[in-house]
Structure formats: structure tokens, C-alpha cells
1. So between residue 374 and residue 181, what do we pick up on full extension, going 0.36 nm a residue minus the alpha carbon distance?
2. Past the 32 angstrom mark, what percentage of all C-alpha to C-alpha distances in the chain do you count?
3. How long are the three semi-axes of the equivalent ellipsoid for region 301-389, computed from the Cα gyration tensor as the root of 5 times each eigenvalue, in whole Å, largest first?
4. Just how many % of Cα pairs in region 190-249 lie over 15 Å apart, if you round to the nearest whole percent?
5. May I ask for the angle, rounded to the nearest 10°, between helix 415-427 and the longest principal axis of the chain, with both axes built from Cα atoms and the value confined to 0 to 90°?
6. Which one, 38, 95, 256, has the greatest fluctuation when you compute a Gaussian network model over the chain with C-alpha springs under 10 angstrom?
7. Please report 405, 287, 181, 338 as a ranked list, fewest other C-beta atoms within 10 angstrom at the top and most at the bottom.
8. Rank by packing, highest mean first: peptides 19-28, 191-200, with packing defined as the count of other Cβ atoms within 10 Å averaged across residues.
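Rule-based calculations on the coordinates, nothing more; no lab input. The structure displayed is predicted, hence computed values, not measured ones. Every residue, glycine among them, receives a Cβ derived from its backbone with ideal geometry; neighbour counts consider all protein chains shown.
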Ligand code: SF4
Ligand code: SF4
């Protein structure tokens with residue numbers, strides 16, 4: 001069994017994982033909010049079903065670990081169930097605890113990447129540059145049989161899903177831009193904008209600079225989300241401690257992150273430091289988390305300063321699950337997007353439903369992910385959107401793939417790009 005958290009922060013305060021799962025009354029009120037239940041109709045693929053599996057596991061009564069592993073691995077961790085649940089049962093945290101209990105060691109690739117993120121980020125960046133170089137030359141497809149033979153089909157799926165390969169990583173892009181530094185904000189670069197979508201990170205810094213004045217790039221390490229979600233809790237804690245220390249040294253400005261999955265995780269750091277002996281880190285994590293802002297929040301509070309782009313065409317917004325269900329950001333992003341889109345804003349049906357991306361979920365559960373994605377793209381097409389705005393890396397990858405496949409008339413952009421473009425056009429940058 002992999003290490004577990006054992007204790008969770010619930011709506012009722014700190015509880016054991018067993019008490020947390022026992023808060024589920026099995027009412028089923030959350031079922032229709034769950035994309036995997038709606039797509040399959042299977043009780044074991046519903047929040048209630050998953051809670052019961054983890055409860056049986058904790059009681060030592062689980063009789064079918066294979067079925068349990070399937071039910072837990074197909075959870076998108078989207079949190080729509082928690083939002084729907086009157087008791088705010090934290091199903092994603094419970095599912096992760098269940099996965100950790102079922103899992104022996106994590107996959108060696110996860111362990112390796114997690115270790116590189118902790119010990120040798122530059123080494124990981126070198127590997128990424130080599131991979132991108134191969135992909136740009138069209139050679140990555142030749143490596144697919146070898147990756148499959150090596151037990152790494154997830155890398156093949158990633159290669160097929162991801163269409164972009166940046167020529168420069170974010171740190172280099174920001175160094176070239178050499179924007180004036182200041183103390184209005186600290187930019188925490190999540191791995192998505194840093195390694196895959198540097199255009200998002202540069203847009204965020206440009207938008208923050210225009211809206212709030214000069215700030216500083218924290219030059220942080222990974223937030224630890226990957227390690228946390230894939231069973232490497234000690235690595236997640238090591239990365240969290242580093243982020244906290246870096247931010248403490250950098251002053252007291254708000255810490256802004258532009259991938260909502262990362263921002264929500266940064267806000268949840270105190271949960272990593274529960275239990276005896278972690279009091280000092282818990283207090284520091286609480287202070288750190290109180291400073292974290294999703295870039296969405298900055299744009300929302302500056303919505304009055306955002307120029308309207310009246311010729312932007314029909315624009316809609318897709319809720320990142322972690323922004324909506326993790327951070328409770330429903331109206332805030334819409335305030336910002338509507339300020340720019342004006343009359344062109346159209347709310348799409350199912351905007352608040354997961355797109356099926358969910359980190360590596362789309363690479364591992366391709367069929368189920370595609371079923372969820374098809375519904376999402378259908379919603380965007382039904383309002384004839386030309387632009388879909390969102391705020392998580394995983395959503396950017398997944399929606400771009402869905403649009404290529406089902407609705408090529410539209411494009412997906414990150415909210416930072418959307419805001420920065422509007423500011424740039426109005427202010428001539
Ligand atoms: S998670 Fe909440 S809404 Fe869903 S069955 Fe349990 S108590 Fe009911
Ligand atoms: S987190 Fe999402 S996919 Fe998982 S049980 Fe809840 S609603 Fe369903």
C-alpha cells in the first residue's frame with residue numbers, strides 16, 4: 001500500500017479518512033452531476049458508488065479489488081459531486097485515498113518524473129526539449145512501438161493528444177521579455193504554462209503587469225500536484241515546503257498561478273500537513289495558501305478595466321473543474337470574459353461539466369474521456385461559439401483535441417491570453 005494522508009480537511013473540519021467517507025449518506029443527490037455516471041449509467045462509476053467502495057476498503061470488507069480499482073481510476077477528480085452534495089463530501093480526496101490504498105508502488109515513470117521534479121528540474125527540461133525536437137521533426141511516431149513495448153502506452157497517447165511543442169520554455173521566454181520587476185505580485189508558474197504553453201505564462205505576466213503594475217516571477221519548482229495525485233506524497237510535501245519557503249523569502253505579495261488545477265492545489269496545501277508533528281508546516285501552509293490567487297480572480301476584480309472587443313465573435317466559457325469545484329470560481333471568470341466579449345458572450349449548456357481531460361485521465365481512459373468530451377464540444381457548437389475560454393492546462397489540451405475532431409470552427413484559449421490580447425489591442429502593446 002502506498003502512503004495515505006489518513007486525515008482530510010472536510011466541511012466539518014479535520015477528520016480521519018473513514019469519518020470523511022462516512023459523511024456520505026448515500027442519498028444519490030450527486031449522481032446526475034457526475035460525468036462518468038451520466039456517460040455510463042454504472043453505480044460503481046458514480047460518487048456514491050465510489051464512496052461505498054472506499055468505505056468497504058477502510059472497513060476491510062472489500063471483496064473485489066479489481067472492480068474497485070476500475071471504479072476509482074475512472075474518477076475524473078472533477079469535484080462536481082462535492083459541489084452538488086449538501087454535506088460537501090470531498091469525493092476526490094476520498095477517491096485518491098482509495099487509490100493510494102489499492103496501489104502498491106506508483107508506476108516507475110511517475111516515480112522518475114516526480115523525483116526529477118524534486119531533485120533535477122533542469123534534467124527534466126532537457127528531456128522535454130529532446131522530446132519536442134523529435135516531435136517537431138515528425139519522428140515521435142516512430143518511437144511509439146518501442147514505448148508500447150516498454151509498457152509506456154501513456155506516452156504514446158500523450159504524443160497523439162498534444163499538438164503543440166514550444167520552441168522555448170517559459171523561463172526563456174520571460175527572460176527574453178525582460179519586463180520590469182516589481183512587488184505587486186509573484187507569479188507561480190505551473191508546469192503546464194511553463195513546459196507546454198509558455199504563451200499562457202507570458203500572457204499572464206503581461207496582463208498582470210498592465211492591471212496591477214510590475215511583479216516578479218517566483219522561478220518556482222512544481223507545485224507537487226502530479227506527485228500528490230499519483231501516489232508520491234513525500235515528494236508532494238517536499239515540493240510544497242519548497243514553494244512555501246520560496247514565497248516566504250520573496251516577500252508578501254499575492255502569489256498568482258494561471259493553471260486552475262495548480263492554483264487549487266496550492267490553496268489546499270494545509271491538508272498535506274495534518275497530524276502530529278506537522279504543526280509548524282501546517283501554519284506556514286495556511287499562511288501561504290491564503291496568499292494564493294488564481295489569475296482568474298485578478299482579472300475578475302479588474303473587469304472594469306478590461307476593454308471590450310466588440311468584434312471578438314461568439315465567445316463562451318468552459319469551467320475548469322478545479323476553478324469551479326476546487327476554488328468556487330463561477331461568477332469571477334464570467335465577469336472577466338463578459339467584460340471583453342460584451343454582447344458576444346454566450347453561455348453554453350454544460351459549461352460546468354468536466355471536459356474529460358483531468359490530467360492523464362484522457363491518455364489512460366481514452367474511450368470514456370472521449371464520450372465526456374463529445375458532449376462538451378456539442379455544448380459549444382450549440383451556441384455557435386468561435387472562441388472557448390478556459391483556465392487549466394488539461395482543459396486546453398483536451399478541448400483543442402475535441403475541437404480538431406468535432407468542431408474545427410472554434411478555437412480554445414486560456415483566459416490570460418484572452419485578457420492580454422484585449423489589453424494589448426486597446427493599449428497598443
Ligand atoms: S456524496 Fe453527498 S450527495 Fe452524493 S450520495 Fe453521498 S451524501 Fe449524497
Ligand atoms: S469527482 Fe467527478 S468523476 Fe469523480 S465521482 Fe465526483 S463527479 Fe464523478
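1. 65.2 nm
2. In whole percent, the share of Cα-Cα pairs in the chain beyond 32 Å is 35.
3. So the three semi-axes of region 301-389 are 26, 16, 9 Å.
4. 59
5. Result, in degrees: 10.
6. Comparing 38, 95, 256 in the GNM, the peak value goes to 38.
7. By the 10 Å Cβ count, ascending: 181, 405, 287, 338.
8. By packing density, highest mean first, the sequence is 191-200, 19-28.
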